[in-house]
Amino acid sequence: MAVQAQIHEKFKVFVGSSISDVAEKVSGFTSDGTIAAKSIGIEFVEASGVFLLSLGYAEGQAGYAVTLTESVVGNLPVDDAATELCAALEAAAAKAGEVLCHELYVDEQGIIHIVFMAKA
């Protein structure tokens, strides 16, 4: 069952001043191919201006290196008008490679960013 391959119980937390800062740390953590990365969670902590990223991973599986890429996808949609946002997400995903998972965050100006975790 394919979904079983996504299940994980381990987490590693990274803190940085930008997505590129935490992306570099995640890339280093997975670069030796012993980590099977499964998910990410991102929070932009406005009060301190830092990013908190959690990486979910599994041990005992074949590992692989991953990369994180960030794209700006637009403003918060009003009401249910999310069709344009969906199109922007799909366009960004098409450029990100083999996407394993994604996470959204909203910056202090209300702009939506997407971060993809993809196989390196």
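For Glu103, indicate whether it is part of a strand (DSSP E or B) and either in contact with a His (Cβ under 6 Å, 6 or more places away or on another chain) or farther than 14 Å from Met117 by Cα (or both).
Working: part of a strand (DSSP E or B): yes; either in contact with a His (Cβ under 6 Å, 6 or more places away or on another chain) or farther than 14 Å from Met117 by Cα (or both): no.
For Glu103, the condition - part of a strand (DSSP E or B) and either in contact with a His (Cβ under 6 Å, 6 or more places away or on another chain) or farther than 14 Å from Met117 by Cα (or both) - is not met.
Just to be sure I understand, how many residues within the range 103-119 are over 10 Å from Ser71 (Cβ atoms) and surrounded by 15 or more Cβ atoms within 10 Å (Cβ to Cβ)? Full working, then the answer.
Of the range 103-119, the ones over 10 Å from Ser71 (Cβ atoms) are 103-111, 117-119.
Next, only the ones that are surrounded by 15 or more Cβ atoms within 10 Å (Cβ to Cβ) stay: 103, 105, 117-118.
Matching residues across the range 103-119 total 4.
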Note to self: Condition check: under 23 Å from Ser71 (Cα atoms) and in a strand (DSSP E or B). Does Phe44 satisfy that?
What the structure shows: yes
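Test of understanding: among Ala93, Ala88, Ala58, which residue is among the small types (Gly, Ala, Ser) and out of contact with any His (no Cβ under 9 Å at 6 or more places or on another chain)?
Details: Ala93 fails: out of contact with any His (no Cβ under 9 Å at 6 or more places or on another chain); Ala58 fails: out of contact with any His (no Cβ under 9 Å at 6 or more places or on another chain).
Going through Ala93, Ala88, Ala58 in turn, just one is among the small types (Gly, Ala, Ser) and out of contact with any His (no Cβ under 9 Å at 6 or more places or on another chain): Ala88.
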Margin query: Of everything in the range 32-50, what is free of Cβ contacts under 8 Å to residues at least 40 places away in the same chain and at negative phi? Give them in sequence order.
Written below: Asp32, Thr34, Ile35, Ala36, Val45, Ala47, Ser48, Val50
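For the condition buried (at least 19 other Cβ atoms within 10 Å of the Cβ), at pLDDT 95 or above and either part of a loop (DSSP other than H, G, I, E, B) or touching a Ser or Thr at 6+ places or on another chain (Cβ under 7 Å) (or both), what is the one hit in Phe51, Phe11? Please lay out each step first, then the result.
Values: Phe11 fails: buried (at least 19 other Cβ atoms within 10 Å of the Cβ).
Unique residue meeting the criteria: Phe51.
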Item checked: Close pairs from the range 90-105: first within 24 Å of Val50 (Cβ to Cβ), partner loosely packed, with under 12 Cβ neighbours inside 10 Å and modelled with pLDDT of 95 or more, Cβ under 6 Å, at least 6 apart -> none
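Could you identify the single residue in Val78, Val72, Val115 that is over 10 Å from the mean Cα position of the chain (by Cα) and in a strand (DSSP E or B)?
Details: Val78 fails: in a strand (DSSP E or B); Val115 fails: over 10 Å from the mean Cα position of the chain (by Cα).
Unique residue meeting the criteria: Val72.
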Checklist line | Residue ID - surrounded by the most Cβ atoms within 10 Å (Cβ to Cβ), chosen from residues in the range 25-48 that are of a type outside the set (Ser, Thr, Tyr) and within 20 Å of Asp107 (Cα to Cα) | finding: Ile40
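The values are calculated or read from the model by the stated rules, or taken from the named source; none is laboratory data. Since this is a predicted model, take the numbers as computed values, not measurements. For neighbour counting, all protein chains shown are included, and Cβ atoms are generated from backbone atoms with ideal geometry for every residue, glycine included.
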